[in-house]
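We did not get these values from a lab; they are worked out from the coordinates using the rules stated. Note that the structure is predicted; figures quoted are calculated from it, not measured. Neighbour counts run over all protein chains shown; Cβ positions are idealised from the backbone, glycine included.
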Amino acid sequence: MSPNLGSAQQQHWQAAYQDHPHMYGDMPSEPARYAAELFRARGARSVLELGAGHGRDAMHFARAGFTVHATDFSPVGLQQLAQDAEREGLAERVTTAVHDAREPLPLADGSVDAVFAHMLLCMALSTADIRALVGEIARVLRPGGTLVYTVRHTGDAHWGAGISHGDDIYEHGGFAVHFFDRALVDDLATGWRLDEVHAFEEGELPRRLWRVTQTRPSSPQ
Ligand SMILES: C[S@@+](CC[C@H](N)C(=O)[O-])C[C@H]1O[C@@H](n2cnc3c(N)ncnc32)[C@H](O)[C@@H]1O
């Protein structure tokens with residue numbers, strides 16, 4: 001993967017949110033509905049959302065009573081979220097930070113109850129970047145905390161098509177996606193409890209995804 005791909009992707013996402021505000025709509029995704037129920041059942045109060053975009057899911061977590069720290073490398077997307085939170089009187093529960101997932105998370109060890117990332121781990125990140133990010137998630141989650149993430153996988157119609165950037169990353173219409181195989185999911189669960197890998201579809205293509213739920217053990221495994 002070329003080192004320039006990341007910054008090209010950042011510009012592409014910035015333009016996408018600029019040209020198509022609220023491009024994913026205002027309704028929460030199915031994985032966010034699932035995660036909110038699960039996080040509540042597990043007694044979580046704080047959620048870190050990675051790759052939050054314009055915040056359709058962060059708003060869902062805030063409406064459900066969680067405090068949400070939403071990050072993305074697109075300031076334009078996060079600005080749309082901040083405006084929505086302000087308009088709905090939820091600004092106290094929603095904070096945003098521009099953050100590139102290839103960098104360490106700017107949060108203290110064990111400081112969040114739950115982490116949610118819908119279609120972020122499958123962006124233009126190398127396998128090494130993804131492993132480092134999941135290590136960072138484990139660091140900032142409290143022991144017993146939950147991670148729910150979704151990724152497009154190698155059963156998706158766009159896998160193997162478009163421009164290849166290596167490392168199972170393919171670019172279509174300017175958007176680069178790292179398609180996951182099951183071995184990568186299992187590898188990322190090393191040292192965690194893997195609760196579930198659930199296959200689902202989203203959108204018109206449709207995108208074929210896995211929703212992965214894993215728990216940070218209370219004591220080392
Ligand atoms: C497929 S979109 C999903 C957005 C949001 N989770 C949703 O479902 O509405 C992926 C998001 O990841 C962000 N993103 C991609 N690469 C990133 C990176 N390296 N660091 C932080 N955010 C990134 C994009 O800006 C975009 O908002």
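Structure notes:
- Taking 7 Å steps out from each Cα toward its Cβ at HIS12 and ARG139 produces label points 2.8 nm apart.
- Charge-dipole axis of the stretch 1-80 as Lys and Arg at +1 and Asp and Glu at -1 on Cβ define it, positive-most pick from GLY25, GLY51, ALA41: ALA41
- Residues of the stretch 166-183 with amide N under 18 Å of the 7 Å Cα→Cβ point at ASP19: 171-177
- Formal net charge of residues neighbouring ASP167 (Cβ-Cβ distance under 13 Å; K, R +1; D, E -1): -3
- Charge context of THR150, other residues only, Cβ under 13 angstrom, K/R +1, D/E -1: -2
- For the stretch 69-82, putting each phi into the Karplus relation 6.51 cos²θ - 1.76 cosθ + 1.60 with θ = phi - 60° gives couplings of 10, 9, 10, 6, 8, 9, x, 5, x, 5, 5, 5, 5, 4 Hz, in residue order, rounded to whole numbers and with x for Gly and Pro.
- Cα gyration tensor, the stretch 28-156 - rounded (a/c under 1.5), prolate or oblate: rounded
- Remark: the stretch 183-196, residue by residue, has Karplus-estimated 3J(HN,Hα) of 4, 5, 4, 5, 4, 6, 8, 4, x, 10, 9, 8, 7, 6 Hz, where x stands for each Gly or Pro and the curve is 6.51 cos²θ - 1.76 cosθ + 1.60 at θ = phi - 60°.
- Rounded to the nearest 20 debye, dipole of the stretch 100-221 from Cβ charges on Lys, Arg, Asp, Glu: 280
- In the distance distribution for the chain, Cα-Cα pairs more than 28 Å apart total 23 percent.
- The stretch 5-14 - phi-based ³J(HN,Hα) in whole Hz, Karplus 6.51/-1.76/1.60, Gly and Pro as x: 4, x, 6, 4, 5, 4, 5, 5, 5, 4
- Share of pairwise Cα separations in the stretch 90-221, more than 25 Å, in percent: 28
- Of the peptides 147-158, 53-64, 187-198, the ranking by mean beta-carbon count within 10 Å, highest at the top, reads 53-64, 147-158, 187-198.
- Charging the Cβ of each Asp and Glu at -1 and of each Lys and Arg at +1, and nothing else, the dipole of the stretch 4-192 about its Cα centre rounds to 500 debye.
- ARG87/SER2 FRET efficiency (R0 41 Å; Cβ-Cβ; nearest 0.05): 0.55
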